[in-house]
Amino acid sequence: MGRIDELVERAVLLREKGLSVGQIADELNISKDTATWLLTRPKGGVVAPKDISVDWSAIGESSYRLSLMCEALSDLVQEGISEDGDVEVVVGISLSGVPIGAMVADALGCKLAVYTPKKQFEDGKKIEGAFSRNFADVSGKTCVVVDDVITSGTTMEEMVDELRRVGAKPIAIAVLIDKRGLDAVDDVPVLSLVRITRL
């Protein structure tokens, strides 16, 4: 079975389990446009969106391997932030960014906040993202945002806007993989262990 067929099959199974298009996109580390394309597979020569599927499950299924990646990401954050940028809170993006964020927060010796972006909620309804009240408050704090993959950059734009809205100061975005090859999002530097660049 071809890679596209495997992705279609996985997308359909996730849809049958009740996941939204945004959740499917997150699970497959693809854009929402690509997830929609996989689910609908329009006929008539419609070309698939330009995207790259990232499968980092070999890391995610092993707490040991994940901890090593998070140690490297923490080191990158420490190296990448300025001397005046003492991190008070690491914000893990739900879902895959939460375990990464927890390990990075531990390595940096700071608190953990969790943010669920609006794409995780029911498609078609006007629902905003939300900070979990079960974790640290970010209001007025210096923050580093942590996630697994930047696909389109939309979630990071939302995150930076939301942090600034509540008076927080985002000083870095740290991810395992950056599919966009971004240097910054709204003047917040992007630090990635792997950066994918289209030629």
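Structure above, values below:
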{"item": "Every residue from the stretch 126-170 that is touching a strand residue (DSSP E or B) at 6+ places or on another chain (Cβ under 6 Å), under 27 Å from Ser31 (Cα atoms) and of a type in the set (Val, Ile, Thr)", "result": "Val144, Val145, Val146, Val149, Ile150, Val160"}
{"item": "Hits in the stretch 37-58 (condition: in a helix (DSSP H, G or I) and buried (at least 18 other Cβ atoms within 10 Å of the Cβ))", "result": "Trp37, Leu38"}
{"item": "Criterion: within 21 Å of Lys179 (Cα to Cα) and either modelled with pLDDT of 85 or more or aromatic (Phe, Trp, Tyr) (or both) - qualifying residue of Ala113, Ala105, Ala58", "result": "Ala58"}
{"item": "Positions within the stretch 74-87 being under 16 Å from Val188 (Cβ atoms) and surrounded by 19 or more Cβ atoms within 10 Å (Cβ to Cβ), in sequence order", "result": "Val77, Ile81, Val87"}
{"item": "Flag if Val87 is assigned to a strand (DSSP E or B) and in contact (Cβ under 8 Å) with a residue 60 or more places away in the chain", "result": "no"}
{"item": "Residues within the stretch 145-179 that are charged (D, E, K, R) and surrounded by fewer than 20 Cβ atoms within 10 Å (Cβ to Cβ), tallied", "result": "6"}
{"item": "Subset tally (residues that are among the hydrophobic types (A, V, I, L, M, F, W, C) and more than 15 Å from the chain's Cα centre (by Cα)) for the stretch 52-65", "result": "2"}
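The values are calculated or read from the model by the stated rules, or taken from the named source; none is laboratory data. Keep in mind the model is a prediction, meaning the values are calculated, not measured. Methodologically, a virtual Cβ is constructed for each residue, glycine included, from the backbone with ideal geometry; neighbour enumeration extends over all protein chains shown.
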